[in-house]
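Right, one structure below, let's go through it.
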Amino acid sequence: MRWIGASLFTPFSFLREMIVGSLRVRLLIRESRSLKDKRQVVRSIQDRLRNRFNVSVAEVEAHDQRQLAVLGVAMVANEVSAVRAAFNEIVEGLRSHPVAELLDHQVEI
């Protein structure tokens, strides 16, 4: 890309496909006795996902429920297969999490 005056000129030969995927997971944290307990588990999961998969993660629902966490995960890539593979690995990892039980998940690509 190059700048021309105050506008950005992008030749069509440089355009690439951008794939945006989103994953929504609902987790049950049975051992959580307080919102502080929940926050500790959620923060640990968020940090692991960010570091291992280079994704964006946020708690998107159920902020005031101490045993339920709903996380939104977003990823951008240039191939659908990369997003699917990462989301599949994330879901499998959450299924075997020692504290949080995966209730369900939804993927949109």
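Readers should treat all values here as calculations from the given coordinates under stated rules, not as data from a laboratory. Since the structure is predicted, the reported quantities are computational estimates derived from the model, not experimental observations. Positions of Cβ are generated from backbone atoms using ideal geometry, with glycine treated the same way; all protein chains shown enter the neighbour counts.
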### Task
Have a look at Glu89, Glu17, Glu79 and tell me which one the Gaussian network model of the chain (Cα, springs below 10 Å) gives the largest fluctuation.
Glu17
### Viscosity 1.306 mPa s, temperature 10 °C, Stokes-Einstein D of the range 17-108 from Kirkwood C-alpha radius, µm²/s
119 µm²/s
### Message
How far apart, in nanometres, would the label points at Ile109 and Ser56 be if each is projected 7 angstrom from Cα along the Cα-to-Cβ direction?
### Response
1.9 nm
### Query
What residues of the range 81-109 lie in the reach of a label at Arg48, counting those whose backbone N is under 19 Å from a point 7 Å from the Cα along Cα→Cβ?
85-106
### Neighbourhood net charge (14 Å Cβ-Cβ; Lys/Arg +1, Asp/Glu -1) for Val107
-1
### Summary
Per DSSP, the loop-located trypsin sites (Lys or Arg not before Pro) within the range 27-109 having at most 14 other beta carbons within 10 Å are Arg30, Arg33
